[in-house]
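Visitor: Sending over a structure as structure tokens; questions will come in a sec.
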Amino acid sequence: MDCRHLENIYELFLLGALSHEDSLQLLEHLSQGCDHCLERLKEAARTVYLLSLAAKPVSPGPKAKADLLRLVKNK
Amino acid sequence: MPSEANTGFPKPLGANKESTLEELLGRVADLDVEALGSLYDQFAPKLMGLLLRILSSKSEAESVLQEIFLRLWKEAPGIARTKGSAAAWLVLTARHAAIQRLRARRAGRARPAQMSHTQGRTKEEKRADKSAAPSHREHKPQERLSPRYESQTLSFLAASPHLWMPRPEDIALVDARLGLLQRALNQMPKPQRRALEFAVFDAYTESEIAAQLAEPLGRVTAGLRAAITFLRHRQHAVLGTWTADI
């Protein structure tokens, strides 16, 4: 698999939507340290960030922050 | 092909905010609880909205939200060393934690802690979950078992943040032009957008999306790839990041 075949699947990989076989092939290619693909991966992460923010913000419950900070202080 | 696709960016409007995020991350790495609280204030509503959209359960979403910030507390030194965007780490890590839970739920293999969390809920919490869940979830296709709820992607994201985390200035640019970019999302052809939403918020793989839509796998994979190309082009246009090879 070379870069041309990967061009539109980085985002699907980061979303976890690719097939097992395609994911393995992409990981194998990334493990070779291809600069272009590593840069595209960062761009794809930016796209996943954008897609994720399409969800409408919702405030957590009023106790959630206090519970978190209490847990952290007790660690 | 260029290795620095984003050189020549216009200065992002949110650059100062994002550098503040990285400063906060540095302070969290130094065990500053107040800094963790500040990051929580900035990101909890965004993350909660995403988690609730994926999990359709307020109590589960809050549980994952807490899990993510506890991970941030523990892993902040390593995350800070990557010099990547703290915002991107929070959003992508939260999303993947949620889809891991959703896939585990589908596989009927919920973890004991998760089960006791659900079993221990009061009537009021269950009612809050029901009212908080987006209404479209009630009409979604029947969730079915997914044999691979722990994918290579999840392992990769957890083990190699330095490889995928975008630069802070790139995420600041997205934040600064989020309205325009979200409008571009709405311009996507509806069938492609629907398939993409199955991947983003429902944790379905390409073959699972094909099954949900009762369409041939080839058509779904082609549609998803076209959707990605559409989004890439729109992003480059909005962010001003066109390069010679595109």
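Visitor: A:Ala66 - would you say it is more than 8 Å from chain B (Cβ to nearest Cβ), among the aliphatic types (A, V, I, L, M) and in a helix (DSSP H, G or I)?
Guide: The answer is yes for A:Ala66.
Visitor: On to the next question. Consider A:Leu26 carefully, then state whether it is crowded, with 23+ Cβ neighbours inside 10 Å and modelled with pLDDT under 90.
Guide: On the way: crowded, with 23+ Cβ neighbours inside 10 Å: yes; modelled with pLDDT under 90: yes.
Yes; evaluated as a whole, the condition is true for this residue.
Visitor: hydroxyl-bearing (Ser, Thr, Tyr), surrounded by fewer than 21 Cβ atoms within 10 Å (Cβ to Cβ) and facing chain A (nearest Cβ under 10 Å): does that describe B:Ser59?
Guide: Yes, satisfied.
This table checks each residue for (1) in contact with an Asp or Glu (Cβ under 9 Å, 6 or more places away or on another chain); (2) within 8 Å of chain B (Cβ to nearest Cβ); (3) of a type outside the set (Asp, Glu).
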position	(1), (2), (3)
A:His20	no, yes, yes
A:Gln25	no, no, yes
A:Ser31	no, no, yes
A:Arg40	yes, yes, yes
A:Arg46	yes, yes, yes
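Visitor: How many of the residues in the range A:1-18 are assigned to a helix (DSSP H, G or I), more than 7 Å from chain B (Cβ to nearest Cβ) and within 25 Å of B:Val91 (Cβ to Cβ)?
Guide: Of the residues in the range A:1-18, 2 are assigned to a helix (DSSP H, G or I), more than 7 Å from chain B (Cβ to nearest Cβ) and within 25 Å of B:Val91 (Cβ to Cβ).
A quick yes/no check of all residues on (1) part of a helix (DSSP H, G or I); (2) surrounded by 15 or more Cβ atoms within 10 Å (Cβ to Cβ); (3) not assigned by TED's automatic domain parsing to the domain that holds B:Thr93:
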residue	(1), (2), (3)
B:Arg194	yes, yes, yes
B:Val200	yes, yes, yes
B:Tyr204	no, yes, yes
B:Glu208	yes, yes, yes
B:Thr221	yes, yes, yes
B:Leu224	yes, yes, yes
B:Phe230	yes, yes, yes
B:Ala237	yes, no, yes
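Conditions tested, residue by residue: (1) over 24 Å from B:His96 (Cβ atoms); (2) under 17 Å from the mean Cα position of the chain (by Cα).
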{"residue": "B:Arg193", "(1), (2)": "no, yes"}
{"residue": "B:Glu197", "(1), (2)": "no, yes"}
{"residue": "B:Val200", "(1), (2)": "no, yes"}
{"residue": "B:Ser207", "(1), (2)": "no, no"}
{"residue": "B:Ala210", "(1), (2)": "no, no"}
{"residue": "B:Arg225", "(1), (2)": "no, no"}
{"residue": "B:Ile228", "(1), (2)": "no, yes"}
{"residue": "B:Gln235", "(1), (2)": "no, no"}
{"residue": "B:Leu239", "(1), (2)": "yes, no"}
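The values are calculated or read from the model by the stated rules, or taken from the named source; none is laboratory data. If you're wondering where the values come from, they're calculated on a predicted model, not measured in any experiment. Using ideal geometry, Cβ is built from the backbone for each residue, glycine included, and neighbour counts are taken over all protein chains shown.
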